[in-house]
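Trainee: My questions all concern the structure below.
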Amino acid sequence: MATVAGSKRRPSEPLGRRDQTLLIFAGLMEGGKEDDETVRDLGQMTRLLNDDPEMTKKGEPSITTIIDSDCIDTLLCYLDMRQPDIVRGHAALCISAYLKAAGDDGGKKLAEFFHDRVRRSTYDDYIVAFCVAATIFPIVPDLTSELFLSEGFLSSLGPLMRRKWKSRKVETACLEMLNAACMHKACREAVQKYCVEWLEEIVDQDPEDVVKSMHTVDPDMHLQEGSISMRRHSLQVQNLAAVVLAKLRAVQSIQPPQPGNGPEPRIQPASSSIEDLSKRFTKMLLEEDTDYVQSSIEGLAYASLQGKVKEELARDSALLKRLVKTLDDAPPRSPIIYGALSIFSNITKYLPFESEEDKRMRQLKAYANASGKLQHDPLNDPDRVAERCKLVYESGITPILVKQSKKGSVASLGIIISIISSLSVSSTLRGPLAQQGVVRLLIAVWAALPETEDKSRRAAAQALARILISTDPALVFGGTNPTPQSTAIRPLTAIINPDPSADRRDLLPTFEALMALTNLASTDDDTRRAIFRTAWDDIEEQLFNTNSRVATAAIELVCNLVQNPEETIALFGDGTCKSENRIKVIVALCDAEDAKTRSAAGGALASLTGHDAVVKGVAALPRGPEIVLGMCRDDDEGMRHRGAVVVRNMLAAEGEAGKLAQKKLLDKGAANVLMDCARKSKNQEVISITVQAAQLLMQKAE
């Protein structure tokens with residue numbers, strides 16, 4: 001280890017960064033300390049390394065230049081699986097900071113350490129090397145993959161794992177390294193090539209043979225955890241090997257075969273299918289042995305990517321309840337939470353919506369990649385997913401999702417949102433979801449997630465929209481601890497415009513957001529005022545949407561919003577060009593081809609013409625009175641009802657607006673139109689309003 005050079009330091013003079021570094025490493029090398037002391041030293045070293053890049057920019061020498069191979073050896077040995085978890089965690093943070101500060105030199109020292117330990121070939125050296133590789137894989141995947149793929153390394157693991165005398169610690173460390181490596185495509189392919197055969201051997205081992213084999217060799221032998229006297233693989237090792245196989249099988253099952261230029265390789269039948277592995281993990285989890293919960297859940301998280309496994313898991317009520325309990329009992333932000341949530345997310349996940357053109361393109365690609373065999377799995381069809389969602393909901397997961405969302409990481413919140421989004425697709429589940437606190441969860445998570453998590457935020461807003469479409473806002477936002485319904489407006493507004501980053505234009509979120517806002521706008525003036533001020537520009541834009549369902553939803557929302565007199569006058573009755581254009585749009589929509597759009601626009605115009613300024617604007621339009629009278633001629637009685645209300649409102653207007661309306665309506669033959677409307681109508685209320693309009697017309701004509 002390097003030493004401090006130079007003049008002596010005065011007692012009152014603070015230590016420099018380099019001196020602090022040397023002092024900390026001297027303490028770490030001593031050993032024999034309490035865990036909290038080691039954690040403290042590692043934390044101080046991490047802070048110094050995190051500050052190092054900034055300090056070097058200011059002209060100070062980097063402290064990494066005095067961190068030699070002995071120092072690195074000390075740090076990396078704290079990643080050993082035999083160290084306490086809290087120590088390993090702080091050591092990982094420290095190594096991460098060092099690699100960032102040291103750059104290529106740090107990578108070189110790491111490689112030297114790894115290769116040196118592997119060359120020594122002792123059990124202790126293997127354990128440390130494998131633990132280091134497993135830990136730093138997610139930190140520096142490119143560097144670690146180079147070490148992992150170095151010539152001869154993977155091929156040497158088979159003989160090691162097949163040794164006559166087994167070491168649980170060595171095998172566990174090796175398999176955890178392989179588990180981490182499978183996240184990297186090239187490493188995963190190498191594991192598939194060099195390791196599958198002996199991984200299968202480990203998984204296929206008969207557990208009963210472990211005891212038989214040990215006692216055959218020495219009936220009086222006493223085995224301890226990690227003993228190298230074991231002749232067979234432990235159950236924990238078997239489970240880890242199964243997890244690695246599950247990752248390999250799962251990725252193979254979801255990737256289409258790629259065409260190649262050479263002859264197709266000979267396919268070896270797998271002795272452990274993804275379904276077999278899933279059954280193994282399920283059995284281990286149901287036995288409630290805490291030693292195997294983590295590996296079983298991780299294995300199921302990958303196995304559940306396949307349709308058949310999704311079906312089996314969803315229909316196993318005992319397993320679902322066990323997963324819910326595990327999720328409930330798990331400490332915040334633990335790997336178990338992420339794994340269990342991933343299982344539920346996979347089971348409930350709907351495939352993205354496909355247009356007919358999308359389906360044709362997918363079929364053509366599948367045909368080309370699979371020599372004519374389409375890769376469609378009917379188990380992922382919407383009706384099958386809906387059944388699975390119902391079973392997952394019945395497992396009692398909703399309150400646990402609400403609980404875990406309060407302390408969840410960004411990653412786990414994203415999965416929670418995906419599960420709730422899938423559950424909310426079924427209209428029958430929306431009311432129960434709202435009753436169990438999901439609306440508050442969605443609003444809170446939407447606000448808490450950073451803007452960079454746009455996909456999760458949009459999913460939360462869309463799930464919120466679905467629930468608010470199907471439920472009474474008074475029930476959703478009431479109760480003993482009410483959530484203001486105005487808090488739902490911003491998330492809903494955020495998805496009115498289609499996602500600009502999406503590959504294709506999906507109008508379903510737009511439609512559902514407008515429908516949800518329509519429901520909220522039916523409640524009170526405060527809510528309508530909040531919607532006007534937050535979302536009006538986006539709502540108005542959708543009135544011109546070429547999709548008739550979206551345009552209809554927008555005008556239906558406007559119909560509810562204009563029940564607020566204050567905002568209605570501000571937007572439609574202030575005499576400006578903008579307000580005149582808005583009136584023109586509403587009147588034009590009353591003459592749209594789509595019946596639902598005409599009906600919604602007629603309802604909006606019936607409310608708007610309660611204001612004299614709007615009446616004047618309608619009467620001044622070249623085709624305004626003609627379109628209004630056309631509503632009275634419509635074959636639909638509901639539309640005639642709206643037309644009669646509009647005519648009555650226009651004729652009842654005071655002053656110049658009323659006179660202009662009377663003149664224009666008379667010129668267009670309003671008297672005969674109203675008489676015909678009354679004759680065609682069966683509903684007494686429609687007849688009554690039509691008669692009132694006719695009487696007003698006659699009175700003003702006199």
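Trainee: Could you work out the pair-distance distribution P(r) of region 454-550 from its alpha-carbon pairs, with 10 angstrom bin width and percents rounded to whole numbers?
Mentor: Over region 454-550, the share of Cα pairs per 10 Å bin runs 16, 50, 28, 6, 0 percent.
Trainee: Okay, moving on. Please give the contour-minus-distance gain from LYS325 to GLN699: 0.36 nm per residue of separation, less the Cα-Cα distance, rounded to one decimal in nm.
Mentor: Roughly 127.1 nm would be gained on extension.
Trainee: Also: What nm value, rounded to one decimal, do you get for the distance between GLU54 and TRP536 when each label is placed 7 Å out toward the C-beta?
Mentor: With each label point 7 Å from Cα toward Cβ, the separation is 4.6 nm.
Trainee: Ignoring everything except DSSP H segments at least 4 long, calculate the 222 nm mean residue ellipticity for the chain; use -39,500 (n - 2.57) per segment, divide by total residues, nearest 500.
Mentor: -22000 deg cm²/dmol
Trainee: If the only charges are +1 at each Lys and Arg Cβ and -1 at each Asp and Glu Cβ, what is the size of the charge dipole of the chain around the Cα centre, to the nearest 20 debye?
Mentor: Value, rounded to 20: 1060 debye.
Trainee: In addition: Applying a 10 Å radius around every beta-carbon, put 675-683, 293-301, 89-97 in order of their mean neighbour count, most first.
Mentor: Result, highest mean first: 293-301, 89-97, 675-683.
Trainee: Where does each of ASP19, ASP68, ASP80 land when they are ranked from fewest to most other beta-carbon atoms within 10 angstrom?
Mentor: ASP68, ASP19, ASP80
Trainee: By residue number, which cysteines of the chain lack any other Cys whose Cβ falls under 4.7 Å from their Cβ?
Mentor: CYS71, CYS77, CYS94, CYS131, CYS174, CYS182, CYS187, CYS195, CYS389, CYS559, CYS577, CYS590
Trainee: Compute the angle between helix 670-680 and the longest alpha-carbon principal axis of the chain, please, reported from 0 to 90 degrees and rounded to the nearest 10.
Mentor: Its long axis makes an angle of about 70 degrees.
Trainee: Charges only on Cβ, +1 for Lys and Arg, -1 for Asp and Glu: so what's the dipole of region 495-543 about the Cα centre, in debye to the nearest 20?
Mentor: In debye, rounded to 20, region 495-543 gives about 40.
Trainee: Could you size up the charge dipole of region 477-585 around its Cα centre, putting +1 on the beta carbon of Lys and Arg and -1 on that of Asp and Glu, and report it in debye to the nearest 20?
Mentor: 120 debye
Trainee: If you don't mind, another one. Say R0 is 35 Å: what FRET efficiency, to the nearest 0.05, do SER150 and ASP36 get from their beta-carbon distance?
Mentor: Once the sixth-power term is evaluated, E becomes 0.40.
Trainee: Something else about it: Round to the nearest 10 and give me the degree value, 0 to 90, for the angle of helix 85-102's Cα axis relative to the longest principal axis of the chain.
Mentor: Value to nearest ten degrees: 80.
Trainee: Could you list SER599, SER69 so that the one with the fewest beta carbons within 10 Å of its beta carbon is first and the one with the most is last?
Mentor: SER69, SER599
Trainee: How big is the equivalent ellipsoid of the chain along its three axes, where each semi-axis is √(5λ) from the Cα gyration tensor, reported in whole Å from largest to smallest?
Mentor: The answer is 68, 32, 22 Å, longest axis first.
Trainee: Compute the long axis of helix 577-589 from its Cα atoms, compare it with the longest principal axis of the Cα atoms of the chain, and write down the angle in degrees, 0 to 90, nearest 10.
Mentor: 90 degrees
Trainee: Related question: Can you give the convex hull volume of the alpha carbon atoms of region 562-702 per residue, in Å³?
Mentor: Output value, Cα hull per residue: 94 Å³.
Trainee: Given all pairs of different Cα atoms, what value in angstroms does the Kirkwood hydrodynamic radius of region 72-216 take?
Mentor: After inverting the pairwise mean of 1/r, the radius is 16.0 Å.
Trainee: Can you list, largest first and rounded to whole Å, the semi-axes you get for region 382-428 by taking the square root of 5 times each eigenvalue of its Cα gyration tensor?
Mentor: Taking √(5λ) for each eigenvalue gives 21, 11, 7 Å, largest first.
Trainee: What number, in percent, do you get for the relative contact order of the chain if the mean sequence gap of Cα pairs under 8 Å and at least 6 apart is divided by its residue count?
Mentor: It comes to 5 percent, rounded to a whole number.
Trainee: Lys pairs in region 33-134, Cα-Cα under 27 Å, at least 8 apart or on separate chains: how many?
Mentor: 9
Trainee: Could I ask something else about it? Region 616-684: which GluC sites (Glu not before Pro) are DSSP loop and have at most 11 other beta-carbon atoms within 10 angstrom?
Mentor: GLU654
Trainee: Let me ask something else about it. Expressed in nm², what is the orientationally averaged projection area of the convex hull enclosing the Cα positions of region 273-423?
Mentor: About 9.5 nm², averaged over all directions.
Trainee: Loop only by DSSP, 11 or fewer other Cβ within 10 Å of the Cβ. Give me the GluC sites (Glu not before Pro) in region 19-52 that pass, ordered by residue number.
Mentor: For GluC sites (Glu not before Pro) across region 19-52 that sit outside H, G, I, E and B with at most 11 neighbouring Cβ atoms in 10 Å, the list reads GLU34.
Trainee: Which loop-located trypsin sites (Lys or Arg not before Pro) does region 26-85 contain, where loop means any DSSP state but H, G, I, E or B and the Cβ has at most 16 other Cβ atoms within 10 Å?
Mentor: LYS33, LYS58, ARG82
Only the coordinates and a few stated rules stand behind these numbers; no lab work does. Predicted, not measured: the structure shown is a model, and the values here were computed from it. A quick note on method: Cβ atoms are made from the backbone with ideal geometry, for glycine too, and the neighbour counts reach across all protein chains shown.
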